[in-house]
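This report concerns only the one structure given below.
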């Protein structure tokens, strides 16, 4: 079992040792109505059905509206040195970055259809790893030195970053990992339709919705069982999935140490696992929930 999986197993075991009994672990409703939520190290953001944007105020325990409209928000990359980066896309594929000084969403040149944000370790021009895909499946990485997007050769339909690692999936379901030394995409054995990169592990779903985790010497290994998922997310706050076969969407938490995915009370239609800000989700009615440990 590789270092990524061992680290994840260790973190989950430690977490299990210090949390409250299972009966006290649940998703608690938070005031607000959203269709999408995204969590990072300290920041939690959301979007409602009218594309209005909200930032969670932990002091008041409520979401506060931020001027602007988005259809997608990405939050992450927070560390001891940096706050989370907050990026988003609107209905016209225009790109926005949140300015913590002016407290405004500022438009950044370019157009994307998907954006992902994670911690950056590789060089000073990338204190956060911000990647995106445009309508032509071209891949871009944001350069904070030039304040512009650098095109990376290749084509992807899905992209995810976590722990400074970047992975993607193309239209044929082929899986790729970005090599920062050669600055090329390297194909990895396996076929997936969705991919999620956490702080210590890489997960994905195939075309049937079955879940897989990655091992260096083996490739992608299917989790035991016949659960099929509509979404899988990975972060420092765990690996989570939603099974749409259950009304409202059954919530499951993956435990690699025992190769199980036990369910958690409640139902969600979308979920986000942060790297410190916790696990958040919304249900089919737009109600917002946070996982209480």
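The table below gives the values:
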| quantity | calculated |
| --- | --- |
| Top-ranked residue in segment 194-212 [being surrounded by fewer than 24 Cβ atoms within 10 Å (Cβ to Cβ) and more than 15 Å from the chain's Cα centre (by Cα); ranked as nearest to residue 274 (Cα to Cα)] | 212 |
| Strands (runs of 3 or more DSSP E) enclosed by segment 131-178 - at least 2 residues per element that are on the phi > 0 side of the Ramachandran plot, out of contact with any helix residue (DSSP H, G or I) (no Cβ under 9 Å at 6 or more places or on another chain) and buried (at least 17 other Cβ atoms within 10 Å of the Cβ) | none |
| Residues that are over 18 Å from residue 235 (Cβ atoms), without any contact (Cβ under 8 Å) to a residue 40 or more places away in the chain and assigned to a strand (DSSP E or B), drawn from segment 249-293 | 250, 260, 263, 267 |
| Residues of segment 220-232 that turn out to be closer than 13 Å to residue 269 by Cβ and either buried (at least 23 other Cβ atoms within 10 Å of the Cβ) or over 19 Å from the mean Cα position of the chain (by Cα) (or both), as a count | 1 |
| Matching option when the condition is part of a loop (DSSP other than H, G, I, E, B), farther than 23 Å from residue 166 by Cα and at pLDDT 95 or above, among 20, 91 | 91 |
| Within segment 179-192, tally of residues that are surrounded by 12 or more Cβ atoms within 10 Å (Cβ to Cβ), in contact with a strand residue (DSSP E or B) (Cβ under 6 Å, 6 or more places away or on another chain) and over 18 Å from residue 112 (Cβ atoms) | 3 |
| Residue 79 modelled with pLDDT under 95 and surrounded by 15 or more Cβ atoms within 10 Å (Cβ to Cβ) | yes |
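The values are calculated or read from the model by the stated rules, or taken from the named source; none is laboratory data. All of these numbers come straight from a predicted model, not from anything done at the bench. Here the Cβ is made from the backbone with ideal geometry for all residues, glycine too, and neighbour counts use every protein chain on show.
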